[in-house]
Amino acid sequence: MSASREKKLRKESRELGPEMSAKKKQQRQDSFRRAIAVSIAAAVLLGVVILIVIGSGVLPAGMTVLTFGDVKISGAEFDYYYFNAFYETYDMYYQYGLLEMLGIDPDKSLRRQDSGDGETTWAQYFEEMATERLTLVVAQSEAARREGITLTDEDRRNIDEAMASLHAYADSGGLKPDRFLRDYYGRGMSVEIYRRIIERDALSSRYVTATIEALGFTDADFEAYYADNRETYDFIDYHTFAISALPDDLESREEAYTEEELDAYREEQRAKANEMLSRVTTSDAFGPLSREYITPEDDGGDNGGDNGGDNDGDGDGDGENGGDAVAEPDTTLMEKRAVSALAEPVADFLGDAGRRAGDKTMIDGEEEFVVLLFLDRYRDETLSSVTIDVRHILVSTEEGAYAGDEEGAFARAEELLQLWKDGAADEAFFGELAAEHTSDGGSRGRGGLYEGVTVGQMVEAFNDWCFDASRRTGDTGIVETEFGFHIMYFVGQNGEPEIMWKQGVKSAMNSERYTEIRNALMEGMEHKRHWFGMWFTKTKSA
């Protein structure tokens, strides 16, 4: 500052006096306070905006939490897999009545509950499960894109049906689909994100299917694999009979047995077992022969007895079978027992590769002597059962307009079937009618479709119609069950029956080979966690 300027300021200060100087100082302080207040207000406003955005789900939906190379996973996508991990675990324990063993307190945050290993919380446990699942899905779906594998028409139909089911479930609860999804998978979820997730999952599954179908194993490959793993696929037929090496009243006898008495009893029972073994000649003779060695205590005082007398319990001998003898079932015969399921030392004898029909032995055990007669070892050459896909429209006689009115329900079923015949008369139109008219809430969202139905899965009349040997794609009909009347549409049979042993071998070979392929994919999958984005996911607030 120049000397003249400084002199001028000192002059002004003297002229204004001390009171005016204090006033200017106060003005400067007030200005500073106002600046701070404005800054604080702006910060508060920013915080409110952030809270509103978080609450709206915008951040969970848009923030990246994981990256796999160029693939970005948003918070909403991560929450989907996180919640699925929780639901699957919870449902599994619930199904078997083991919720107490699971040890999750629904009233406490998962972040504050130990998962049982003393190192991780339940939130961390489900986060790890979600990350592992995402890694696999991304690895397989990206491999599909590299190899030009795309979704099939069937895949797209399944996705469309899944979306229709979503809307149906939301409607049944009086909710918008987006709200339904947010309640189930977290506040960032939406219909658009949900569809993107299931499309990626479908492509991941399509990669697995396409890869396995391309493996191209031959019958020679199956035979070679079977030869190396016979114990897994072979079955055995044999006879077995056990003679106790211990007295029946060992625990209940007032005066305890001495060691000498127990040894003597054991020798007596061993002699019986060896005697029986020496007398065993054929399969037909084994059962009747064993009854000679059943003690009264074992048989309740009746060693086989006469089964032809008074089986109606009135003491006059004129039972249902008219007094004719009824063949007693041979409880010693064991048929189609898996070699791999046999316990030692029975497995050592029966599972010997050199065993021949008629071979026999007596196994000397601590508690019993077991007489064995080997009959046969073989692989299962029967044909496997196939699964079918079927659509139906249920007109319920249990509830609704036709509750208790079988005649009216049947007339309504005929009316709907005729409506289908007068219309497009194809599967798509049947699905539309089912979605609108069926009483079966479990299949309504899928247009009445049940896939992969196995023999015996459905009630008898429904099952018999589906698995009739003459059934062909496009067949329709009306079936009555205890639930009402079902208008049926046969979609088709899945695959062709296969020889059972070959089906098992093929499944094992496919699994082993694909496991190698999957492991190779996973080795190259590294992910990066984005801590800021992860902070907004459910795992941090659960």
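The values are calculated or read from the model by the stated rules, or taken from the named source; none is laboratory data. In this text, all values refer to a predicted model and were calculated from it rather than measured experimentally. Please note: Cβ atoms are built from the backbone with ideal geometry, for glycine as well, and neighbour counts cover all protein chains shown. The protein model used for the area step is the full one, side chains on, heavy atoms only, and it has no ligands, DNA or RNA in it. Shrake-Rupley method; radii C 1.70, N 1.55, O 1.52, S 1.80 Å.
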Computed E for Arg513/Asp330 - FRET, C-beta separation, R0 35 angstrom, nearest 0.05: 0.20
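Apply 1/(1 + (r/R0)^6) to the Cβ-Cβ distance of Thr209 and Asp248, taking R0 = 56 Å, and write down the FRET efficiency to the nearest 0.05.
Working: r = 58 Å, r/R0 = 1.04.
Rounded to the nearest 0.05, the efficiency is 0.45.
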HN-Hα J in Hz across region 467-474 - Karplus 6.51, -1.76, 1.60, θ = phi - 60°, x for Gly and Pro: 9, 4, 4, 8, 5, 9, 4, x
Solvent-accessible ranking of His527, His437, His239, largest area first, probe 1.4 Å: His527, His437, His239
Zero-based 5 Å bins, Cα pair distances in region 115-213, whole percents: 2, 12, 16, 17, 16, 15, 12, 7, 2, 0
Region 140-283: radius of gyration and largest Cα-Cα distance (Dmax), Å: 32.7, 82
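Arranged from highest to lowest average of other beta-carbon atoms within 10 Å per residue, in what order do the peptides 132-144, 216-228 appear? Let's see the in-between values first.
Numbers: 132-144: 19.8, 216-228: 12.1.
Highest mean packing first, the order is 132-144, 216-228.
What is the dipole size for region 153-272, taken about its Cα centre, with +1 at each Lys and Arg Cβ and -1 at each Asp and Glu Cβ, in debye to the nearest 20?
Details: 15 positive and 30 negative charges, 339 e Å.
My answer is approximately 1640 debye.
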Net charge of neighbours whose Cβ lies under 13 Å from the Cβ of Glu260, counting Lys and Arg as +1 and Asp and Glu as -1: -4
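Pairs Lys336/Lys360; Lys72/Lys176; Lys272/Lys360: which are spaced more than 20 Å apart, C-alpha to C-alpha?
Details: Lys336/Lys360 18 Å; Lys72/Lys176 28 Å; Lys272/Lys360 15 Å.
The answer is Lys72/Lys176.
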Region 363-503, accessible area per residue, ligands and nucleic acids excluded (1.4 Å, Å²): 50
Given charges at Cβ of Lys, Arg, Asp, Glu: region 435-507 dipole, positive-most of Gly474, Val505, Gly448: Val505
Surface share of carbon and sulfur [accessible, 1.4 angstrom probe, percent] for region 60-177: 48
Kirkwood-based Rg to Rh ratio, region 404-542, C-alpha trace: 1.18
Cβ-based charge dipole, region 326-428, positive-most Cα from His392, Thr332, Leu419: Thr332
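On the accessible surface of region 212-257, probed at 1.4 Å, how many percent belong to carbon and sulfur atoms? Display every interim value, and only then the final one.
Numbers: 1290 of 2780 Å².
Exposed carbon and sulfur together represent 47 percent of the surface.
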Cα Rg, Dmax (largest Cα-Cα span) when computed across region 53-193, Å: 17.1, 48
Cα-only Debye scattering, region 114-169: base-10 log of I(q)/I(0) at q = 0.16, 0.24, 0.25 Å⁻¹: -0.76, -0.92, -0.93
Near-label residues of region 427-466 by backbone N, under 11 Å of a point 7 Å along Cα→Cβ of Ala168: 431-450
Charge sum, other residues only, whose C-beta stays under 14 Å from Arg472's C-beta, Lys/Arg counted +1 and Asp/Glu -1: -3
Whole-number accessible area per residue in Å² for region 134-186, which is evaluated in the context of all protein chains at 1.4 Å: 55
